[in-house]
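The structure under discussion appears below in the form of structure tokens.
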Ligand code: MG
């Protein structure tokens, strides 16, 4: 039995924001599955979710979620000062701060995370494809990288723990 955990205000808010912005734990679970099922043929969705839950308990991950989603929402509402408003609203490819923020998540479980992150960012499977659809009027400039990074970090955690079990 897992011990009952007291969830901080920060964690609670980070989880709520992900949900409000249309990202479920299962969506992220599918990304972890996409990254890891070739290495772990018997991988179950519940293993993916278990590792995502652990990643979401990290303070630096929660901070990245709060910061990135806040900027996306303000850009969507047109409330940022120029030139940042246009840069984020248009998801300008040379901006790069969205990726740098995501690195603070990937970093949590070491260097395999970077390879996973780079791969998933190029392929854009599942939820990442939807978050990158620029025709919806929504702004997910930061969120797509954050979600990819959570999946990459959970994949690294899973890979490390599988290695530990052998
Ligand atoms: Mg982005």
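Every number here is computed from the coordinates shown, using simple stated rules; none is lab data. The structure displayed is predicted, hence computed values, not measured ones. Because the Cβ atoms are built from the backbone with ideal geometry, glycine has one as well, and the counts that use them run over all protein chains shown.
Under the condition of being on the phi > 0 side of the Ramachandran plot and more than 13 Å from the ligand (Cβ to nearest atom), which residue from the stretch 124-160 is surrounded by the fewest Cβ atoms within 10 Å (Cβ to Cβ)?
That would be 137.
Report those helices (runs of 4 or more DSSP H) wholly inside the stretch 39-123 carrying at least 3 residues which are within 14 Å of the ligand (Cβ to nearest atom) and within 26 Å of residue 155 (Cα to Cα).
59-76, 97-106, 112-123
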